[in-house]
1. For Val550, enumerate residues with amide H under 5 Å from its amide H, sequence gap 5+ or separate chain, H modeled in the peptide plane.
2. What order, most packed first, do the peptides 132-144, 810-822 have when packing is the mean number of other Cβ atoms within 10 Å of each residue?
3. Can you figure out the FRET efficiency of Asp536 with Lys686, using R₀ = 56 Å and their beta-carbon distance, to the nearest 0.05?
4. Can you give me the P(r) profile for region 671-795? Cα pairs, bins 5 angstrom wide beginning at 0, each as a whole percent.
5. Distance in nm between label sites at Asp765 and Asn871, each 7 Å beyond Cα in the beta-carbon direction?
6. Roughly what would the spin-label model give for Thr670 and Arg238, points 7 Å off Cα along C-beta, in nm?
7. Taking K and R as +1 and D and E as -1, what net charge do the other residues with C-beta under 12 Å from the C-beta of Gly853 add up to?
8. DSSP loop GluC sites (Glu not before Pro) in region 632-709 with at most 15 other Cβ atoms within 10 Å of their Cβ, which ones?
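Just so it is clear, none of the values below were taken in a lab; they were calculated from the coordinates. This one's a predicted model, so the numbers in the text were calculated from it and none came from an experiment. Because the Cβ atoms are built from the backbone with ideal geometry, glycine has one as well, and the counts that use them run over all protein chains shown.
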Amino acid sequence: MSPSTIAHYKITGKLGEGGMGAVYRATDTKLNRDVAIKVLPDSFASDPDRLARFTREAQVLASLNHPNIAAIYGVEERALVLELVEGPTLAERIAQGPIPIDDALPIARQIAEALEYAHEKGIIHRDLKPANVKVTPEGRVKVLDFGLAKALSAEATAADPAASPTLTMRATVAGAIMGTAGYMSPEQAKGKPVDRRADIWAFGVVLMEMLTGRQLYSGETMSEMLASVIKDQPDIDRLPAATPAAVRRLVRRCLDKDPQRRLQAIGEARIALDEAPGEEPAAGPTTRSSRIPWLAAGALAIALAVVGGLYWKATRPPDRPLVRLSVDLGPQAEAGLRTTAVLSPDGNRLVFPVRPSGGLVQLATRRLDQPVPTLLVGTENASDPFFSPDGQWIGFSAEGKVKKMAVTGGAPVTLLDGIDARGAAWGDDGSIIANLGRVGGLFRIPDTGGAPVALQPVSERSASLRWPQILPGGKTVLYTASTTSTTYYEDASIEVLTLATGKAKVVARGAYFGRYLPSGHLVFVHQGTLYGQPFDLAALEARGTPVPLVDDIAGNSTAGAGQFDFSGNGTLVHLSGKATGVQWLLSLVDRSGNAQPLPIPPGLNHTPRFSPDGRKLLLAVGTPEAADLWLYDFDRNRLSRLTSNGKGNSYPVWAPDGKHFVHLTQDGGTYTFWWARADGGGEEQKLFESKDRLLPSSFSPDGRRLAFHQSSPETRLDLWTLPIDASDLEHPVPGKPEVFLRTPNNEAVPAFSPDGRWIAHGATDTGKIEVFVRPYPGPGGRFQISDGGGDFPVWSRDGRTLYYRAPDRRIMEVPYRVAGDSFLAEKPRPWSDIPITDAASVTDRLYDVSPDGKHMVMAVGDPQSNERKGNLHVTFLLNFFDEVERRVGGAK
């Protein structure tokens, strides 16, 4: 939890967090100025000697007074008080591409001036890198964290490898020094004593990266990067052709691996930069690309789709063994229904769901160089997270919305409302490609929010396109395509969509959750095993025979989701366990918490509905788009099937006579209400059909109106009623649907009160889903029933209580009374502490109240999962791409 105050500094927000501690924005209440507060890691608290030495070092650093050095104002309660510097870091500037020479040289000169001033005072930075340099909106350079490397390190001898700050703090954690190792001098990487020449080396690396827009030294592991720093000669020829000769000479001198031959004083760099603008560009290497740059640009555009895989294969060390690690995510970590652990593109950060004690599921993020995760406040009920390409944002689904949040925290931003996504992928072009519901095609959403644009509708043989992955180059999308088969996604296909033409191509059958690896391979899940085969990215074709790679991949074959993810550095993370369809038990539950399982086989049993006399139970079995209806008779203890066409027979609603009901079918893109007999006899009668999504919900007490909600492109979900003349119960005559409530917000699942005077429903008027009551047919006021979120209202038959599902999945009861035109509801309270199972979909009403009010039928368990003992663990497979190469072979 963030502190609210430190000494006389009032914390106003969090700026970020790294290995050297969390950084907050604060107000100095004495001097009335904004500052930055760096709260030091907990490891300092147990080491008073280290704290004392740090204080002494910080006091020395506070003596630095230079316009290009961010000032240290003081030390307070294990925290540093720093100058607050606005503006982007140099790393953020470089991430956008090469910096023009006219902009780069003034930045480099100011960095050199800061180093020169500090070196004259005997202070070495030791951790100079683009992330430690900021450029203010006025163009002023500020070098951050000057000397903190030494101040924060443990005591070390001069020749101790721990003399590097990052090594000291985080060397025992895999991948911990990746961000800093690329800027270490060769002698620093070897653990030798360092002096000002280490800063000069780092200055050369930073200058090189500003001009090229690329990292000078890279590697997939710490050892690879350090080995490259020690052995590989810097490729000065990568500098742009317009680089002045003086700058080329300066970079070459700064990056001499021999400290004796390296530039000896950073002041010389300042002089060289002053001379550079008057010089002609140096003659660069004579290459075809320099002679005909436009040809190179065209070739690059064509080759973007294959460069990633070829670069990985060309630069990786040979024959790296597969390393398997089991990682404890902590006691609050919780397996997600569809996805759990997701890696950032660079492999340095993990995001996963947690459930704080007594609270809702939220997302947590953990850098792999940190021991504990950080809770992302504002991600309640979130699921299926995904990263932006730069790893700075996390997208997720929550409460029927697609949202995003910065990895460092902050307020979540809603990108799209009123959907239940099944997978999303964030592209380099600033758009997100996502599935926007169980049934439907893929859509493009701006990553700043806005209306979705359809990319491809489902075909006649497909019910849903989900779990997209944007392939290298951004021109094609890999995804899972389902059919209406009752075997669900075990019989699905992996397809590729070409965005320019809208044409799709099947690349694998009998598979789901397909993913393309940068190594040039396609992997997918089938019956709990991860398979792989070479994939030709140019031809969009899988080659050869699929080979089993991992035989304990957990997954959700009902949703088509695989419990694994990978990063660009060749690491795969997965949840172990066999992939199975999500199933749960329907049970009779009393308010004391006693649950009696019904003699109904466990499965996808949803939308249970008591008959008016409470002696029968209608329910749907299967996914909503491929379900059939069944009837359970309590008196005869008999379960009988009412439909068998597999066309999404679901959402049954009893007619008041107790002998008939209405239900929905979903056949491709057509939604239809049908009138049917509960004994299975006779022919079903069509009542209403639409291409817009429908969901029947409740009959008026006289049986003359059916309340339902319907989607609209303009107003999202709206409430309607359908008049029905049921004087002939075998041949009812429907009228024209009438709008009851249409607003820019979502309104759903309307329920008539027992006396027919009121309709309860869910709505997003307040920004989250809440339960409201309105008079029927109106007009009249609106009465909010739920407090803190709620949905799926159900009335008691005696007209005294209203029930709903709370965000924590418990059923709440709300006693009420009516006084004239006013609906007077009491404070909500739990009906029972038994929650609906987590496996239950957020879009299904998986409970109903018996007519006598003594019991509820609820989905209360997942028989496919064993009770977890201890903390949640995930498995990391390091060097996984090499293992795929060895076992599957190379791609074309």
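1. Leu530
2. Result, highest mean Cβ count within 10 Å first: 132-144, 810-822.
3. With R0 = 56 Å, the Cβ-Cβ based efficiency is 0.70.
4. Percent of pairs per bin, in order: 2, 11, 20, 23, 19, 13, 7, 4, 1, 0.
5. Label at Asp765, label at Asn871, 4.6 nm between them.
6. About 6.0 nm separates the two model spin labels.
7. Neighbour charge sum, excluding Gly853 itself: -1.
8. The qualifying sites are Glu683.
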